[in-house]
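The block underneath contains the structure these notes are about, expressed in structure tokens.
The values are calculated or read from the model by the stated rules, or taken from the named source; none is laboratory data. For clarity, every value in this text was computed on a predicted model and none was experimentally measured. We place every Cβ from the backbone using ideal geometry, glycine too, and count neighbours over all the protein chains shown. Just the protein is used for accessible areas: all its heavy atoms, side chains included, with ligands, DNA and RNA removed. Shrake-Rupley method; radii C 1.70, N 1.55, O 1.52, S 1.80 Å.
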Amino acid sequence: MTKANLGNVEIYYEEKGQGEAVLLAPPSWWPCDTWNVGVVPFLSKRFKTIIFDCRGTGRSDKPTSGYSVSQFAKDCAGLLEHMHISRCHAVGFALGGQIVQAMAIERPDLAATLTIAAAGPGSKRLDGGPRDLSPEVTREIHELGFERYIRGHIDNDSMAFNPNFYRAHRDVASALSDALWSGQSTVEQFRLHEEARLTWDALGKAPQVRVAT
């Protein structure tokens, strides 16, 4: 396994392809193997793709602290420095979108461009009030069990895939579901990542971004 020692934590990562570097930051509690299902095989034909397990997921260390968007961004910067990559295209999905936004603000020298997909506004609701974690999560994990709850985020035709694609490509849905579950450890680690989404005001910080997004 390839890991970067960042001092207080070791981060697992993979790189594939040649060309300009593309850093792929995952959603909360999603392991990097999920990028390998469809994204990396496509992007690595043209770019050097870099995927990694955030602290607390997959094959990276699982410390008891450091679960904030700002710290995840520092981990990304440390990983790029470990790999001797001075500049990259930073791509983030959901929590990953907040992470690359934070990295671009705190280390603008590292980000050539940002691509942010499906990222929530962060610590505040659109009306300016504080955002809380949904109490439904605790109930659903209790009723369904942890594995079924996690897999349910992907293995469906209502949120992850449209019905036609889901019926035609069950192999893709199954592969992504397997990859998602493979990087989980405990409900407690899952909650640390859920709570991390509330540590960053993505909407309020947006004007501070100075790179093409």
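Only residues that are in contact with a Leu (Cβ under 7 Å, 6 or more places away or on another chain) and open to solvent by 30 Å² or more (accessible area, probe 1.4 Å): list them for the range 36-81, please.
Answer for the range 36-81, where residues must be in contact with a Leu (Cβ under 7 Å, 6 or more places away or on another chain) and open to solvent by 30 Å² or more (accessible area, probe 1.4 Å): V37, V39.
Taking the condition of being without any contact (Cβ under 8 Å) to a residue 40 or more places away in the chain, in a helix (DSSP H, G or I) and open to solvent by less than 40 Å² (accessible area, probe 1.4 Å), how many residues in the range 127-149 meet it?
The total comes to 1.
Which of the residues spanning the range 58-85 are hydroxyl-bearing (S, T, Y) and either touching a helix residue (DSSP H, G or I) at 6+ places or on another chain (Cβ under 7 Å) or without any contact (Cβ under 8 Å) to a residue 24 or more places away in the chain (or both)? It would help to see each step written out before you state the result.
Step one: filter the range 58-85 for residues hydroxyl-bearing (S, T, Y), giving 60, 64-65, 67-68, 70.
Once the filter is applied, which keeps residues that are hydroxyl-bearing (S, T, Y) and either touching a helix residue (DSSP H, G or I) at 6+ places or on another chain (Cβ under 7 Å) or without any contact (Cβ under 8 Å) to a residue 24 or more places away in the chain (or both), the range 58-85 yields T64, S65, Y67, S68, S70.
Can you tell me which residue is least open to solvent (accessible area, probe 1.4 Å) among those in the range 1-35 that are assigned to a loop (DSSP other than H, G, I, E, B) and β-branched (V, I, T)?
First, the residues of the range 1-35 that are assigned to a loop (DSSP other than H, G, I, E, B): 1-2, 6-9, 17-20, 26-31.
Of the ones still in play, those that are also β-branched (V, I, T) are 2, 9.
Values: T2: 67, V9: 3 Å².
Filtering first and then ranking leaves V9.
For the range 5-53, which positions are touching a residue at least 60 places away in the same chain (Cβ under 8 Å), out of contact with any Phe, Trp or Tyr (no Cβ under 6 Å at 6 or more places or on another chain) and of a type in the set (A, V, I, L, M, F, W, C)?
Matches in the range 5-53: L6, V9, A21, L23, A25, W30, V37.
Could you say whether any residue in the range 171-188 is closer than 18 Å to P27 by Cβ, in a helix (DSSP H, G or I) and among the hydroxyl-bearing types (S, T, Y)?
Yes, that holds for at least one residue.
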